[in-house]
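In what follows, a single structure is set out as structure tokens and then discussed.
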């Protein structure tokens, strides 16, 4: 990625990862970027250091070299310890000088030490601490658990540029660099990112956004560590985050299932017909065809969740349990739920799905439907009725 | 003595164990921990803890 001056003396120097499709188990069909930023003032500061892959860390150094001799970097700032942003640290520090100060949060100091076992010249900053680079002042804002204990934001005060680490990011590698270049299609990627990485911390994010607004920072540009930079309308992504944090459901229903001999699938389709009859926005997702990370994105603003599984060896089908395990950790809220499934002789799947619904605090509004072997026309009518019942409840709420 | 759980990361403060690394002796009630103490796992403040049910 050719470096671009995004504000006077502030350069985007990160790298694109066009072809990554599996980001720690999150399907990234648009690739991603590992952003890093160079601030050239009387002192030179580098913010974040891209992913721990040789080609990327070298590219980072090469990018910086087109602007300034990398050895002239005085300060490195690590906003987040995760390897896709700190992985380049050993290479960078070795290149520019191991004794250069490394700014991070208190937890960042602990966590970086546990990642790299190096005695770097750590400067653990306090929340709100300022650092003058000459004409520019940086302010460090602690953002613990958004989304790691070490996470922090760095704000370039005079320029109004917020370096927001993983906050407001998107897994998107494109030719575009800014929101105004990419247009509205980026909002899906931003939502997808929020659902998969940040959703479980929604109450904390809400507080943080309020805190930042209350501080009265004049934010002109938001630079996340993944994807495009928000410069045309930073308020748009902040407002979107506020809405996603609330998880206010739309008139939507999601049917998630797996099937062995198409019986549970037939039930799923009948349920979908019932939902559509009630004019609910409905989506059917087969868990071995749709990635769990896309299921959670759909779930973010869905009211009704209906899950189906055949019973295999007295258990729920493992692929559905995979998706449920993933969803559970991300803590979706405001859901009504029901289960269904076909079985041969024992038929425990519905019971186990309901147990998971309870664990996730979903409101179970129907005990669910179990069908032995292949659904009869009457069974399918019952499934249609279940869909219609869920649809009505969606419309009432 | 009540155990307290960090609502951010799930760490449980057990008064019988304390947090000796931070100078909190075993047997210290959660209420008696200084206000500037923070979660040893994620760095959350005391205000982010709840009584474990």
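Only one of A:217, A:208 is within 14 Å of chain B (Cβ to nearest Cβ), over 14 Å from the mean Cα position of the chain (by Cα) and in contact (Cβ under 8 Å) with a residue 60 or more places away in the chain. Can you tell me which?
Numbers: A:217 fails: within 14 Å of chain B (Cβ to nearest Cβ).
A:208 is the lone residue from the list that is within 14 Å of chain B (Cβ to nearest Cβ), over 14 Å from the mean Cα position of the chain (by Cα) and in contact (Cβ under 8 Å) with a residue 60 or more places away in the chain.
Having 2 or more residues that are over 24 Å from the mean Cα position of the chain (by Cα) and either touching a residue at least 40 places away in the same chain (Cβ under 8 Å) or more than 14 Å from every other protein chain (Cβ to nearest Cβ) (or both) is the bar; report the strands (runs of 3 or more DSSP E) wholly within region A:74-178 that clear it.
Working: elements: A:75-77, A:101-105, A:121-125, A:130-132, A:137-142, A:152-156, A:161-163.
Qualifying strands (runs of 3 or more DSSP E): A:75-77, A:101-105, A:121-125, A:130-132, A:137-142.
Return the total of residues in region A:230-284 being part of a strand (DSSP E or B) and closer than 16 Å to residue A:295 by Cβ. Let's see the steps before the verdict.
Within region A:230-284, the subset part of a strand (DSSP E or B) is A:230, A:252-257, A:281-284.
If we keep only those that are closer than 16 Å to residue A:295 by Cβ too, we end up with A:252-257, A:281-284.
Residues meeting the conditions: 10.
Output the residues belonging to region A:246-289 that are closer than 17 Å to residue A:326 by Cα and touching a residue at least 24 places away in the same chain (Cβ under 8 Å).
Keep residues of region A:246-289 that are closer than 17 Å to residue A:326 by Cα, which gives A:254-258, A:285-289.
Passing the criteria: A:254, A:255, A:256, A:257, A:258, A:285, A:286, A:287, A:288.
Can you tell which of A:34, A:11 is in the same structural domain as residue A:162 (by TED's automatic domain parsing), closer than 30 Å to residue A:186 by Cα and touching a helix residue (DSSP H, G or I) at 6+ places or on another chain (Cβ under 6 Å)? Explain how you work it out, then say what you get.
On the way: A:11 fails: touching a helix residue (DSSP H, G or I) at 6+ places or on another chain (Cβ under 6 Å).
Only one candidate passes the filter, namely A:34.
Using the structure shown, decide if residue A:322 is touching a strand residue (DSSP E or B) at 6+ places or on another chain (Cβ under 8 Å), surrounded by fewer than 21 Cβ atoms within 10 Å (Cβ to Cβ) and assigned to a helix (DSSP H, G or I).
Numbers: touching a strand residue (DSSP E or B) at 6+ places or on another chain (Cβ under 8 Å): no; surrounded by fewer than 21 Cβ atoms within 10 Å (Cβ to Cβ): yes; assigned to a helix (DSSP H, G or I): yes.
It is false that residue A:322 is touching a strand residue (DSSP E or B) at 6+ places or on another chain (Cβ under 8 Å), surrounded by fewer than 21 Cβ atoms within 10 Å (Cβ to Cβ) and assigned to a helix (DSSP H, G or I).
For region A:46-68, state whether one or more residues are assigned to a strand (DSSP E or B) and buried (at least 19 other Cβ atoms within 10 Å of the Cβ). Steps first, answer last, please.
Keep residues of region A:46-68 that are assigned to a strand (DSSP E or B), which gives A:46-47.
From what's left, buried (at least 19 other Cβ atoms within 10 Å of the Cβ): A:46-47.
Within region A:46-68, one or more residues are assigned to a strand (DSSP E or B) and buried (at least 19 other Cβ atoms within 10 Å of the Cβ).
From the list A:2, A:71, pick out the single residue that is farther than 19 Å from residue A:152 by Cβ and part of a loop (DSSP other than H, G, I, E, B). Can you show your working first?
Working: A:71 fails: part of a loop (DSSP other than H, G, I, E, B).
After ruling out the rest, the residue left standing is A:2.
Tally the residues that are within 14 Å of chain A (Cβ to nearest Cβ), free of Cβ contacts under 8 Å to residues at least 24 places away in the same chain and out of contact with any strand residue (DSSP E or B) (no Cβ under 6 Å at 6 or more places or on another chain), restricting the search to region B:20-49. Before the answer, list the steps.
Start the filter on region B:20-49 by keeping residues that are within 14 Å of chain A (Cβ to nearest Cβ), which leaves B:21-22, B:36-49.
Retained after the next criterion (residues that are free of Cβ contacts under 8 Å to residues at least 24 places away in the same chain): B:21-22, B:36-38, B:43, B:45-47.
Next, from what is left, pick out any that are out of contact with any strand residue (DSSP E or B) (no Cβ under 6 Å at 6 or more places or on another chain): B:21-22, B:36-37, B:43, B:46-47.
Residues meeting the conditions: 7.
The values are calculated or read from the model by the stated rules, or taken from the named source; none is laboratory data. Just so you know, these numbers come straight off a predicted model, no measurement behind them. Heads up, the Cβs are rebuilt from the backbone with ideal geometry, glycines too, and the neighbour counts pull from every protein chain shown.
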